[in-house]
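The values are calculated or read from the model by the stated rules, or taken from the named source; none is laboratory data. Please read these numbers as outputs of a predicted model, since none were measured by experiment. In this analysis, Cβ positions are derived from the backbone assuming ideal geometry, glycine residues included, and neighbour counts consider all displayed protein chains.
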Amino acid sequence: MEIYLVGGAVRDELLKLPVRERDWVVIGATPDELLARGFRPVGKDFPVFLHPDTHEEYALARTERKTAPGYHGFSVHAVPEVTLEDDLRRRDLTINAMARDADGHLIDPYHGARDLEARWLRHVSPAFAEDPVRILRVARFSARYAPLGFQVAPETLDLMRAMVANGEVDHLVPERVWTETARALSESRSERFFETLRDCGALARIFPELDRLFGVPQPPVHHPEIDTGIHTLMALAQAARLGADTITRFAVLVHDLGKGTTPPEEWLHHHGHEQRSADLVQSFCQRLRIPYLYRELAVATARYHTHCHRALELRPQTLLNTLLGLDALRKPQRFEQFLLACEADARGRLGLENRDYPQADLLRRVHQAAAAVQARPLVQQGLSGLALAEALRRERLAAVTEARRAFETCQRNA
């Protein structure tokens, strides 16, 4: 039995990056031998075990053969005769197909270290084309390692395009699409994930609502970059720059989906795109089975982001209605996520990346003022039902009006 450290741990160590997790491959062993040593089986489709002490993953060396379309269409061959080189050959990228032995020596039969130096994401073998998830993984690695200058190798991009043309990506299951997308949204250059998918043609098949944004113009006075798709990715980049979490980044990504459905004769204006965007976000999230917290913020951002942008112009009554529509008084944390998403949207425009966004400050002030008005004193006065609701609204409107006036005074005196 021989054990080797493989995959991401070797790759990131060579890049001098923190190693997030350590995976191992076992050569010349059987499942019974690992079970006898106390390893616990966890792989449903593949022979993967957890170490009894470290709980790190140990996988028996294996080869795979394509038997049907899609991610699950493989037969797995894991026997003691499978070599380390056989196991590494089935991996997606050369930079992930390296190993270290017990003495720390690098085993690199497919020149992953050379591609690390040259900053290439390159497939190991033609077997790459058998698994559509690898398109998503390459796009995600492109987002992760973009700050280091990595690019997809031309021949790999050509292979990905062929996979799209052959319909292989049409067999991706929603859960795996979302898992890879959510991980990509956490990267510092998450926009590169979607750029890579668009470069190979997969964006139109996996995320058609996003793909149709490209080529749709917007008024240059508000959007010097003009193209809605470009703006969307610029806004996503700003969300990462502002330190937004993945839930907020997703809201930024889909906030303008409705502009993709504006009839060409109505360009450059997109009247009513907010509600259309909210409806499209609902169906988008349902199709990909996206978690509720992501859906909730994304729908709210799609519906109300222009209210936020116009906050300085809105009357106190409209400001209060916006707070209530966002359920901001009951969900202040989500309200902060909404404001950050709107700021990323405002800054995701050519030449306006560092603009101030006082609208968020105003909305924070009126939110604080409205939230300070409590129902208890009104209940103690004997109010209930409709009378209580009307009195509560009157007092909150008065508080919002005063907060708005104080904000304007501060702005004038600044």
Those residues that are of a type in the set (Asp, Glu) and at pLDDT 95 or above, I need them from region 104-139; list them, please.
Asp108, Asp115, Glu117
Considering only residues of region 162-211 that are part of a helix (DSSP H, G or I) and β-branched (Val, Ile, Thr), which is nearest to Leu242 (Cα to Cα)?
Thr181
Scan region 362-382 and give yes if some residue there is touching a His at 6+ places or on another chain (Cβ under 7 Å), surrounded by 16 or more Cβ atoms within 10 Å (Cβ to Cβ) and closer than 30 Å to Ser190 by Cβ, otherwise no.
no
From the set of residues in region 256-290 that are assigned to a loop (DSSP other than H, G, I, E, B) and within 14 Å of Phe207 (Cα to Cα), which is farthest from the chain's Cα centre (by Cα)?
Asp256
Anything in region 131-161 that is of a type in the set (A, V, I, L, M, F, W, C), over 15 Å from the mean Cα position of the chain (by Cα) and assigned to a helix (DSSP H, G or I)? List them, or say none.
Val133, Ile135, Ala146, Leu148, Leu157, Leu159, Met160
The correct count of residues that are in contact with a helix residue (DSSP H, G or I) (Cβ under 8 Å, 6 or more places away or on another chain), outside any strand (DSSP E or B) and not small (Gly, Ala, Ser) in region 87-103 is 7
Counting only residues that are surrounded by 15 or more Cβ atoms within 10 Å (Cβ to Cβ) and in a loop (DSSP other than H, G, I, E, B), region 50-61 contains a total of 2
Hits in region 361-403 (condition: over 40 Å from the mean Cα position of the chain (by Cα), in a helix (DSSP H, G or I) and polar (S, T, N, Q))
Gln380
Is it the case that Gly351 is closer than 19 Å to Leu233 by Cα and of a type in the set (Gly, Ala, Ser)?
yes
Would you mind telling me which numbered condition in (1) among the charged types (D, E, K, R); (2) closer than 20 Å to Arg122 by Cβ; (3) modelled with pLDDT of 95 or more Arg100 fails?
(2)
Within region 212-233, identify whether any single residue is part of a helix (DSSP H, G or I) and free of Cβ contacts under 8 Å to residues at least 12 places away in the same chain, and answer yes or no.
no
Identify the residue in region 290-324 that is in contact with a His (Cβ under 8 Å, 6 or more places away or on another chain) and closer than 19 Å to Ala403 by Cα and, among all such residues, is surrounded by the most Cβ atoms within 10 Å (Cβ to Cβ).
Leu323
Looking only at region 13-32, and only at residues there that are aliphatic (A, V, I, L, M) and closer than 19 Å to Asp101 by Cα, the one that is surrounded by the most Cβ atoms within 10 Å (Cβ to Cβ):
Val26
Test Arg349 against the criterion of being outside any helix (DSSP H, G or I), within 40 Å of the chain's Cα centre (by Cα) and under 30 Å from Glu191 (Cα atoms), and give yes or no.
yes
Of everything in region 1-49, what is touching a strand residue (DSSP E or B) at 6+ places or on another chain (Cβ under 6 Å), assigned to a loop (DSSP other than H, G, I, E, B) and under 16 Å from Asp108 (Cα atoms)? Give them in sequence order.
Gly7
